[in-house]
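The structure appears below as structure tokens.
The values are calculated or read from the model by the stated rules, or taken from the named source; none is laboratory data. Predicted model only: the values in this text are computed from it and were never measured. Counting neighbours? That spans all protein chains shown, and the Cβs are built from the backbone with ideal geometry, glycine included.
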Amino acid sequence: MSIPEPTVRSVTETLKFLGVPDRDVAMYSSVSLKQPILNMKARKLWAKLGYESQEAAREIWMLCSRDPLFFINTFAWLLETREKQEWNLNNRYGTSKVLPFITREYQDMLILKCVKTLGRQDIVVPKSRETGISWIICTLAAWDWIFHEETHIGFVSKDLLSANNPSDPDALFSKFEFILKRLPFWILSPSDYERNITKNTFKNLKNAASITAYPANGDLARGGRKSWMLMDEFHFFDQGVDYSAMDSTVHVTPCRVFVSTANRDRGMAGAFYDVMTDDSRNGIRVVVDWKDDEDKRRGLYHGELIQGSDTYRLIIDDMDFWINHSNFDGKTYRHPTKPGENYPFIVDERARSLYYDHVWMRPGSTPQSISAELDRNFGGATAQIFNPTLLAATIELAKVATARGDIVRHPNKPEEWQFEKLSVGGLTYLWCKLDDLGRPPQSEYSIGADVAAGTGGEWSSYSALEVIDKKTGEQVFEWRSNRLDPIQFAELAVWVCKWFYNAYLVPEVNGPLGQLFINKAVKDLKYGNVYHETKQKVAYHQTTERIGYLNSDRGISLLKNMESAVRRKRVFLNSLVALKECGRYFLKNGKLVHSAAEVTEDGAGMGLAHGDAAIALGCAVLGVDNAPIKREVEVKSEAPYQSFLWRRQQFEQTQKKTGQKSYWRPEI
């Protein structure tokens, strides 16, 4: 198709001439004028028509106001200072650095979703690097600022120079002004707006719209009112400032556009990670991945793990591309840019392409940086304890709970509890059906417990119970709360154990809270089917036992044991809360860290509360194949429990049973 010099004199005729059937919103998402040569000729036609006819200019202006895709693909330009790289086999624009902004399909989707929500709800955009999102948001801001009066927008960056630096073409305001300066004067002329560098503002003199640049800080725009705000590269805001900035803007605007790649130094921590992963909050999430770009996904392939081994086989995804480079031996393909060489496929668990491999092989690239900045793998940015690929597959297979409710005190028996089913909400999840008497299916169960203080509040730790059917490996129960103290929690835990047919209880017992739990559950309530750790004291040829699981490595052993059980398909886990928490444990500087502990400015670790379900689930998995130690019958004694005399009597009874001798009393 070729477009001759324009001879038409109306917008209607021009639309018909270009083959656009009507003036529906987003008409540019379905027409063929995105080919560079045709697009450039169409741009020339529209600009000339607007200059020749005031009436046509007014009508085109209305078209732009209704359809951001028409505006961007017809009048917006962007700056690309980099030369074409080896991986990119297309050379659409030659050596030109000022390019027509021709949106890709994934960019169209993002724009239309944003327009539908802009000014109404928060928008979260986790993205890969080099996907053009900053240019999209700046152009979308220009469209809103030009065509809608009294629109007031905020651009927020980690520091002020990132938002407003006239000498830096990468600054947000520089991109915004680049777009404005290349518009036809009949849309916006230089006299229609003013930029105040000192006040960090642009003002539209025609419709009183404004845009203001801000650095990220704790009092961000407090007391102001904005139509919407861009929080650019939000995961790179300083630690603690990100939460403060998010808090201060809640009442400033109904719509914050959180945009960011993954910060490999923050990993699964920070306000951006929270808003990205919290499905319970209002707003929309639009993921932008490098594979959405038609150029970057060219030559797409991946590795598939051969079952029962650690070896991957090559899987070609973009066969339409590679068939043209095949050696027809079923194994090798010619290198697209290096004559005489075969392409060196890197076969692992990652999806790859010509672009991906080019970035991978550049000096300075690391698997962690690639995972963060291209794959949007926040856990892969650090040394994640639980294998992220296996974890993602487990989350995908997790079942929806069959019932939800609360465990509450029995109204007529204060010492008893009962499950109360709720249609909405509740801290208890069941993945099994209860019988007519309100009990789970009869089986053998393992219950993991994590003990917390129960002080309540947003950041306090939760106590948690997780239950697994030992016969099937299926997780069937979860309970979490931060409002029961260890003694009350022990009462509830013992009731749940009995409800699950005297289940095997594996409590984590670190610190005094764990001891309070054990004292209540074992001593007062006499529950005996509890995990015991046995240690051999070589010097004295005797064994000692500790009730409960001592989490001496902060969870590494539990998580790796759970990972192994999942990989062997010994257990099938359903708690999304616990599984997502598993993904937040990683090694940092050789130490195990839970990413939620990395969120406070003062290092107080307010997010430490949020690893409870993962630890409890790890304890439950530990108990699946751990055979309970049968307890010896205790010696009846009037001595106080755990007193010196009581312990001495228990010791002597054990010596008689085992036949062991004491160095101090050979006659025993």
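Hey, among the residues in segment 202-219 that are surrounded by fewer than 16 Cβ atoms within 10 Å (Cβ to Cβ) and within 36 Å of the chain's Cα centre (by Cα), which one's modelled with the highest pLDDT?
That would be D219.
Check segment 346-361 and report whether any residue there is touching a helix residue (DSSP H, G or I) at 6+ places or on another chain (Cβ under 9 Å), within 30 Å of G473 (Cα to Cα) and in the same structural domain as R313 (by TED's automatic domain parsing).
The answer is yes; a qualifying residue exists.
Does R439 satisfy the criteria of being under 23 Å from R554 (Cβ atoms) and either of a type in the set (V, I, T) or out of contact with any Cys (no Cβ under 7 Å at 6 or more places or on another chain) (or both)? Break it down into steps so the answer makes sense when it comes.
Working: under 23 Å from R554 (Cβ atoms): no; either of a type in the set (V, I, T) or out of contact with any Cys (no Cβ under 7 Å at 6 or more places or on another chain) (or both): yes.
It is false that R439 is under 23 Å from R554 (Cβ atoms) and either of a type in the set (V, I, T) or out of contact with any Cys (no Cβ under 7 Å at 6 or more places or on another chain) (or both).
For the structure I just gave you, tell me whether Y312 is in contact with a strand residue (DSSP E or B) (Cβ under 9 Å, 6 or more places away or on another chain) and surrounded by 14 or more Cβ atoms within 10 Å (Cβ to Cβ).
So Y312 passes the test.
Do you know which of the residues in segment 192-245 that are among the hydroxyl-bearing types (S, T, Y) and not in a strand (DSSP E or B) is nearest to I133 (Cα to Cα)?
It comes out as S227.
Each row is one residue, and each column tells you yes or no for (1) in contact (Cβ under 8 Å) with a residue 60 or more places away in the chain; (2) surrounded by 14 or more Cβ atoms within 10 Å (Cβ to Cβ); (3) part of a loop (DSSP other than H, G, I, E, B); (4) of a type in the set (G, A, S).
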position: G405; (1), (2), (3), (4): no, yes, no, yes
position: V408; (1), (2), (3), (4): no, no, no, no
position: Q418; (1), (2), (3), (4): no, yes, no, no
position: G438; (1), (2), (3), (4): no, no, yes, yes
position: I468; (1), (2), (3), (4): yes, yes, no, no
position: R480; (1), (2), (3), (4): yes, yes, no, no
position: E491; (1), (2), (3), (4): yes, yes, no, no
position: W495; (1), (2), (3), (4): yes, yes, no, no
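Mind checking which residues of segment 250-264 are under 20 Å from D144 (Cα atoms) and in a loop (DSSP other than H, G, I, E, B)?
Of everything in segment 250-264, those that are under 20 Å from D144 (Cα atoms) and in a loop (DSSP other than H, G, I, E, B) turn out to be V252, T253, P254, C255.
Which residue is farthest from V125 (Cα to Cα), if the candidates are limited to segment 270-315 and must be in the same structural domain as D247 (by TED's automatic domain parsing) and of a type in the set (S, T, Y)?
Checked segment 270-315; the qualifying residue farthest from V125 (Cα to Cα) is S280.
Say whether the condition of being part of a strand (DSSP E or B), over 25 Å from G555 (Cβ atoms) and not assigned by TED's automatic domain parsing to the domain that holds L305 is met by at least one residue in segment 443-450.
Checking segment 443-450: not a single residue is part of a strand (DSSP E or B), over 25 Å from G555 (Cβ atoms) and not assigned by TED's automatic domain parsing to the domain that holds L305.
Mind counting the residues in segment 461-486 that are under 23 Å from K413 (Cα atoms) and touching a Leu at 6+ places or on another chain (Cβ under 6 Å)? Lay out the reasoning, then the answer.
Residues of segment 461-486 under 23 Å from K413 (Cα atoms): 465, 479-481, 483-486.
Within this subset, residues satisfying the condition of being touching a Leu at 6+ places or on another chain (Cβ under 6 Å) are 479-481, 486.
Qualifying residue count, segment 461-486: 4.
Only one residue in A453, A503 is small (G, A, S) and surrounded by 21 or more Cβ atoms within 10 Å (Cβ to Cβ), so which one is that?
When all the criteria are applied, what remains is A503.
Could you list, in sequence order, all residues of segment 93-131 that are surrounded by fewer than 21 Cβ atoms within 10 Å (Cβ to Cβ), among the aliphatic types (A, V, I, L, M) and assigned to a helix (DSSP H, G or I)?
M109, L112, V115
Determine if segment 291-308 includes at least one residue that is closer than 30 Å to W228 by Cβ and not in a loop (DSSP other than H, G, I, E, B).
yes
Can you spot a residue in segment 322-329 that is under 24 Å from L576 (Cβ atoms), modelled with pLDDT of 90 or more and buried (at least 16 other Cβ atoms within 10 Å of the Cβ)?
no
So which residues in segment 552-592 are under 13 Å from D612 (Cβ atoms), among the hydrophobic types (A, V, I, L, M, F, W, C) and modelled with pLDDT under 90?
The answer is C582, and nothing else.
Quick one: in segment 387-413, of everything that is at pLDDT 85 or above and in contact with a Gly (Cβ under 8 Å, 6 or more places away or on another chain), which residue is nearest to R352 (Cα to Cα)?
L391
Taking into account only those residues within segment 497-521 that are in contact (Cβ under 8 Å) with a residue 40 or more places away in the chain and among the β-branched types (V, I, T), which is nearest to V400 (Cα to Cα)?
Top of the filtered list is V506.
Inside segment 275-297, can you point out the residues that are crowded, with 21+ Cβ neighbours inside 10 Å and either free of Cβ contacts under 8 Å to residues at least 40 places away in the same chain or within 21 Å of S369 (Cα to Cα) (or both)?
Those that are crowded, with 21+ Cβ neighbours inside 10 Å and either free of Cβ contacts under 8 Å to residues at least 40 places away in the same chain or within 21 Å of S369 (Cα to Cα) (or both): M276, V288, W290, K296.
Yes/no per residue for (1) without any contact (Cβ under 8 Å) to a residue 40 or more places away in the chain; (2) polar (S, T, N, Q):
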{"residue": "G154", "(1), (2)": "no, no"}
{"residue": "R195", "(1), (2)": "yes, no"}
{"residue": "T198", "(1), (2)": "yes, yes"}
{"residue": "D238", "(1), (2)": "no, no"}
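Please go through segment 79-119 and pick out each residue that is among the basic types (K, R), closer than 21 Å to M40 by Cβ and touching a residue at least 40 places away in the same chain (Cβ under 8 Å).
Passing the criteria: R92, R104.
In contact with a Ser or Thr (Cβ under 9 Å, 6 or more places away or on another chain), part of a loop (DSSP other than H, G, I, E, B) and in the same structural domain as N324 (by TED's automatic domain parsing): is that true of G267 in this structure?
Working: in contact with a Ser or Thr (Cβ under 9 Å, 6 or more places away or on another chain): yes; part of a loop (DSSP other than H, G, I, E, B): yes; in the same structural domain as N324 (by TED's automatic domain parsing): no.
No.
In this structure, is I136 under 21 Å from P254 (Cα atoms) and either assigned by TED's automatic domain parsing to the domain that holds H251 or in contact with a Pro (Cβ under 7 Å, 6 or more places away or on another chain) (or both)? Lay out the reasoning, then the answer.
On the way: under 21 Å from P254 (Cα atoms): yes; either assigned by TED's automatic domain parsing to the domain that holds H251 or in contact with a Pro (Cβ under 7 Å, 6 or more places away or on another chain) (or both): yes.
So I136 passes the test.
Hey, any hits in segment 50-58 for a residue that's buried (at least 17 other Cβ atoms within 10 Å of the Cβ), modelled with pLDDT of 90 or more and within 25 Å of F178 (Cα to Cα)?
Yes; the residues of segment 50-58 include at least one that is buried (at least 17 other Cβ atoms within 10 Å of the Cβ), modelled with pLDDT of 90 or more and within 25 Å of F178 (Cα to Cα).
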